[in-house]
Amino acid sequence: MEQYIIKGGNPLVGEVEIAGAKNAALAILAAAIMTDETVTIDNIPDVNDINVLLEAMSGIGARIQRLDRHSVKINGSNVHDFSIEYDYIKKIRASYYLLGALLGKYRRAEVALPGGCNIGSRPIDQHLKGFRALGAEVEIEHGKIVAEAEQLCGTHMYFDVVSVGATINVMMAASMAEGTTILENVAKEPHVVDVANFLNSMGANIRGAGTDVIKIKGVSRLHGTSYSIIPDQIEAGTFMFAAAATKGDITVMNVIPKHLEATAAKLLEIGCEIEEFDDAVRVVAKGRLKHTQVKTLPYPGFPTDMQPQMGVVLALCEGTSTITESIFENRFKYLDELARMGAVSKIEGNSATIEGVPRFSGARVSAPDLRAGAALCIAGLAAEGITIVDDIVYIQRGYERFEEKLRSLGAMIEKVSSDKEIQKFKLKVG
Ligand code: UD1
């Protein structure tokens, strides 16, 4: 089992290149099988989730050619199987984007029903509501969602909750339906816009992505394209919080500053200095930061995927902070781990009250999920002494070369898989 071992206490300083957005890439790769022509996709992050999805796609007949670490050519003309097994869904929920892609192109899809996950119960009723509204018959049979349609017809639909996944999945299917679809109360996240831009570059006719209403005029075929994925605002935000927690000075490079506004606003509020450039943002933290309130909301609100990283920083701020988690019900598990490092917090329902402490002390902790895992590494980097983070397989799902990037900023962090390696690290750092 691999772990991260960290010796904390160094301010992180320097520039870090941000990879392509994992969550945009997952949807865009799935959508690439909606044409028989070849699609080239660039700026894909080299993370485990992407590799699993590509494997699932290759399993149904898509030809995948890796051009290099960050680009791939996909040809979907040989797709002959419309069924995605539970093994894939279990590893990566977002394989369910193949539902919208297969249903749109082939009018048939069978995808294992994803269960809950570590951050909450995660229903997919809104995805299914959308497919049904487009005229598909959707049944749950033997643990699979089976969606089928003779014809998909444009529709007017209102989502009951703002959902990134449902917006993208239904938008994909509707892009190849007959007639016009209007989707209301949609998610406005940058990756929703990126998927719409990608589909449009394949010949789809989607307008309004990034607003509350998306209008789609269905087309009968999509064509090949070359496309580059947007930068990952969550990876960028994670490094911005690492600057705040370690009293450092980090510039995140290759980002779209507009996508980082909610994060930058909170960092400013607690006392960081923020400098914005065309495609970079610099965060400088000096001295003790101050408490605040934060509530996670759909974009452009504060992202739930940044909540644990913010929580770690608030646990070191002066005064009492509160966090309200309004998207996923089970996203405070990291606070119990953080308590082992000296953090003081109380969770009540979907709110956490955090009493800031002046310092953490290194301890052994477990990553409960992807973002919480990254947050605990940040805590370790800010702590006195040695921290060991277990279950880093979660972190590797979504962060490319995480420890290397941190090391380039001056962090003392290694990936280890034996006691011998742990001892070696301890000897090295003294
Ligand atoms: C995506 C992101 C995830 C992020 C989340 C919220 C990907 C691969 N994952 O997840 O990292 O944390 O957006 O920004 O892009 N809901 C329903 N019914 C549905 C669908 C969702 O009730 O059919 C609820 C969920 O339980 C949750 C809320 O809607 O409370 C938002 O979920 P959603 O936006 O769908 O998240 P994902 O797309 O799964």
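The values are calculated or read from the model by the stated rules, or taken from the named source; none is laboratory data. Not measured: the values here are computed from a predicted model. No Cβ is skipped: glycine too gets one built from the backbone with ideal geometry, and neighbour counts run over all protein chains shown. Each accessible area value is taken on the protein alone, full model and side chains, heavy atoms only, with ligands, DNA and RNA left out. Shrake-Rupley method; radii C 1.70, N 1.55, O 1.52, S 1.80 Å.
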Next on the checklist: Among the residues of the range 303-327, what is the count of those that are open to solvent by 10 Å² or more (accessible area, probe 1.4 Å), farther than 12 Å from Gln293 by Cβ and away from the ligand (no atom under 14 Å from the Cβ)?
Outcome noted: 2
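Which of the helices (runs of 4 or more DSSP H) contained wholly in the range 297-390 include at least 1 residues that are farther than 27 Å from Ile256 by Cβ and touching a Ser or Thr at 6+ places or on another chain (Cβ under 6 Å)?
Values: elements: 307-314, 333-339, 370-382.
The helices (runs of 4 or more DSSP H) meeting that bar are 333-339, 370-382.
From Arg122, Arg107, grab the single residue that is open to solvent by 10 Å² or more (accessible area, probe 1.4 Å), at positive phi and touching an Asp or Glu at 6+ places or on another chain (Cβ under 8 Å). Explain how you work it out, then say what you get.
Values: Arg122 fails: touching an Asp or Glu at 6+ places or on another chain (Cβ under 8 Å).
Within the list Arg122, Arg107, the selection yields Arg107.
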Item to check | Residue pairs meeting the criteria (Cβ under 6 Å; at least 6 apart or on separate chains; first within 17 Å of Asn330 (Cβ to Cβ) and within 11 Å of the ligand (Cβ to nearest atom), in the range 116-141; second small (Gly, Ala, Ser) and open to solvent by 10 Å² or more (accessible area, probe 1.4 Å)) | outcome: Arg122/Gly116
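Could you identify the single residue in Ile50, Ile64, Ile74, Ile28 that is closer than 20 Å to Ser228 by Cα, open to solvent by 50 Å² or more (accessible area, probe 1.4 Å), in the same structural domain as Arg221 (by TED's automatic domain parsing) and of a type in the set (A, V, I, L, M)? Break it down into steps so the answer makes sense when it comes.
Working: Ile50 fails: open to solvent by 50 Å² or more (accessible area, probe 1.4 Å); Ile74 fails: open to solvent by 50 Å² or more (accessible area, probe 1.4 Å); Ile28 fails: open to solvent by 50 Å² or more (accessible area, probe 1.4 Å).
Answer to the check: Ile64.
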Checklist entry - Going through the range 86-111 one residue at a time, which ones are at pLDDT below 90, touching a helix residue (DSSP H, G or I) at 6+ places or on another chain (Cβ under 8 Å) and over 14 Å from Asn169 (Cβ atoms)? => result Tyr88, Lys91, Ile92
Checklist entry - Quick check: is even one residue across the range 401-416 assigned to a loop (DSSP other than H, G, I, E, B) and modelled with pLDDT under 95? => result no
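Every residue, every condition in (1) more than 27 Å from Ala280 (Cβ to Cβ); (2) modelled with pLDDT of 95 or more; (3) in a helix (DSSP H, G or I), yes or no:
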site: Asn10; (1), (2), (3): no, no, no
site: Val16; (1), (2), (3): no, yes, no
site: Ala24; (1), (2), (3): no, yes, yes
site: Ile28; (1), (2), (3): no, yes, yes
site: Ala31; (1), (2), (3): yes, yes, yes
site: Asp36; (1), (2), (3): yes, yes, no
site: Ile44; (1), (2), (3): no, yes, no
Item to check | Any hit, the range 155-169, residues being away from the ligand (no atom under 13 Å from the Cβ) and open to solvent by less than 70 Å² (accessible area, probe 1.4 Å) | outcome: yes
Checklist entry - Would the range 235-245 turn up any residue that is closer than 30 Å to Ser201 by Cα, of a type in the set (Val, Ile, Thr) and at pLDDT 95 or above? => result no
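So, Ile5, is that one farther than 22 Å from His70 by Cβ, in contact with an Asp or Glu (Cβ under 8 Å, 6 or more places away or on another chain), hydrophobic (A, V, I, L, M, F, W, C) and open to solvent by less than 20 Å² (accessible area, probe 1.4 Å) or not? Lay out the reasoning, then the answer.
Numbers: farther than 22 Å from His70 by Cβ: yes; in contact with an Asp or Glu (Cβ under 8 Å, 6 or more places away or on another chain): yes; hydrophobic (A, V, I, L, M, F, W, C): yes; open to solvent by less than 20 Å² (accessible area, probe 1.4 Å): yes.
So Ile5 passes the test.
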Checklist outcome for this item: Within the range 171-189, of all residues that are within 11 Å of the ligand (Cβ to nearest atom) and within 12 Å of Ala27 (Cβ to Cβ), the one least open to solvent (accessible area, probe 1.4 Å) is Ala187
Checklist outcome for this item: Among Val192, Val213, the single one that is modelled with pLDDT of 95 or more and within 14 Å of the ligand (Cβ to nearest atom) is Val192
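Inspect all residues belonging to the range 62-83 and state whether any of them is assigned to a helix (DSSP H, G or I) and within 21 Å of the chain's Cα centre (by Cα).
Residues of the range 62-83 assigned to a helix (DSSP H, G or I): none.
No, the range 62-83 has no match at all.
Mind checking which residues of the range 42-65 are within 16 Å of the ligand (Cβ to nearest atom) and in contact (Cβ under 8 Å) with a residue 60 or more places away in the chain?
Our first condition is that a residue be within 16 Å of the ligand (Cβ to nearest atom); within the range 42-65, this holds for 44-45, 47-54, 56-57.
Those that are within 16 Å of the ligand (Cβ to nearest atom) and in contact (Cβ under 8 Å) with a residue 60 or more places away in the chain: Ile44, Pro45, Val47, Asn48, Asp49.
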Item to check | Flag for Asn75 being within 16 Å of the ligand (Cβ to nearest atom) and over 27 Å from Ala133 (Cα atoms) | outcome: no
Next on the checklist: Please count how many residues of the range 216-246 are within 16 Å of the ligand (Cβ to nearest atom) and outside any helix (DSSP H, G or I).
Outcome noted: 4
Checklist entry - in the same structural domain as Gly356 (by TED's automatic domain parsing), open to solvent by less than 10 Å² (accessible area, probe 1.4 Å), in contact with a Pro (Cβ under 7 Å, 6 or more places away or on another chain) and of a type outside the set (S, T, N, Q): does that describe Val281? => result yes
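Working only within the range 191-229, note down all residues that are within 21 Å of Ile256 (Cβ to Cβ) and either surrounded by 22 or more Cβ atoms within 10 Å (Cβ to Cβ) or of a type in the set (Lys, Arg) (or both). Please lay out each step first, then the result.
Just the residues of the range 191-229 that are within 21 Å of Ile256 (Cβ to Cβ), to begin with: 191-201, 206-212, 214, 225-229.
Selection gives His191, Val192, Asp194, Val195, Ala196, Phe198, Leu199, Ile206, Arg207, Ala209, Ile214, Ile229.
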